[in-house]
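Q: The structure follows.
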Amino acid sequence: MYPPPYYHVTNRAQLRAFLQQHYFGVLLSSTGSLGYTPLPFLFDWQTGADKAYCHLARNNPQLSQLDGAEVTVLVQGPHAFVPASCYQQQPAVSTWNYALVELKGTARLLNSEQTLALVRQQETHSAPAMQQAEDYQQKLVKAIVGVEISLSSLSGRFKLSQNKAPAERQAVIDYLQQSEQSTTVWQLMKKQQL
């Protein structure tokens, strides 16, 4: 989607805060053909060199495209339909509000020891009951490969009715508060059982 300048976000603190809440994205690579894998990402902003980490199944064909390659990660946040009736000036067009962060960088495949360290780091972010035994972690590392992405750029597109008058922005907020029914993962899972 075309991002007019008023939707473009470059404030690193704002983008990092967004990525703390929304870290499931799509890893895109295009050496020869387009490769993509939806994954959770860990971000490291502390070392002075911004990095993103993930892991893929060892038999994922995208792995052959990654080592040393330029990649893109797209992380989408919340999104919602906005009807034209929210706008005072008519005729108007219905639209969609959304938040999206695009990260670009160079990928590097991690060795087994580095991948194991990544797995352990990911588990520290989950509940203690979810942590796996050491022998299971060793088996897991044989089936996955960690990926480190040295980030060269970080930008966002937050299309949140910024180009509308204050009264229209409030009308959008009121509409979404009254009508938006987010579908949760468990609701989707139950529907799939039918």
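None of the figures in this text is laboratory data; all of them are computed from the coordinates on show. Here the structure is a predicted model, which is why all the values come from computation and not from measurement. Heads up, the Cβs are rebuilt from the backbone with ideal geometry, glycines too, and the neighbour counts pull from every protein chain shown.
Q: Local charge sum around residue 70 (other residues, Cβ-Cβ under 12 Å, Lys/Arg +1, Asp/Glu -1)?
A: +1
Q: Provide the gained length on full extension for the span residue 47 to residue 33, in nm with one decimal, where the gain is 0.36 nm per separating residue minus the Cα-Cα distance.
A: Full-extension gain reported as 1.8 nm.
Q: Just grab the label-to-label distance for residue 6 and residue 163, each label 7 Å out from Cα along the Cβ direction, in nm (one decimal).
A: 0.7 nm
Q: Please identify which residues in segment 72-97 have an amide N closer than 15 Å to a label point set 7 Å out from the Cα of residue 178, following the Cα→Cβ vector.
A: The answer is 82-88, whose backbone nitrogens lie closer than 15 Å to the label point.
Q: Let me ask something else about it. Sort 39-45, 52-58 by packing, meaning the average of other beta carbons within 10 Å per residue, with the highest value first.
A: Averaged packing, sorted descending, gives the order 52-58, 39-45.
Q: Below 8 Å between Cα atoms, with a sequence gap of 6+, how large is the relative contact order for the chain in percent?
A: The value is 26 percent.
Q: Using a 7 Å offset from the Cα along the Cα-to-Cβ direction at both residue 139 and residue 94, what is the distance between the two label points in nm, to one decimal?
A: Result for the modelled spin labels: 5.0 nm.
Q: Next up: All other residues with a Cβ under 10 Å from the Cβ of residue 51 taken together, and with Lys, Arg as +1 and Asp, Glu as -1, what is their net charge?
A: -2
Q: Among the aspartates and glutamates, select those whose C-alpha is under 20 Å from the C-alpha of residue 159, and discard any that sit fewer than 8 residues away in the same chain.
A: Straight-distance partners of residue 159: 102, 168, 174, 180.
Q: Segment 146-164 to segment 1-58: how many Å between their Cα centroids?
A: Cα centres, segment 146-164 to segment 1-58: 7 Å.
Q: Place the peptides 24-37, 101-114 in order of packing, highest mean first, counting for every residue the other Cβ atoms within 10 Å and averaging per peptide.
A: The packing order, highest mean first, is 101-114, 24-37.
Q: Sticking with this structure for a sec: Once every DSSP H run of n ≥ 4 in the chain is given -39500 (n - 2.57) and the sum is divided by its residues, what mean residue ellipticity at 222 nm do you get, rounded to the nearest 500 deg cm²/dmol?
A: -8000 deg cm²/dmol
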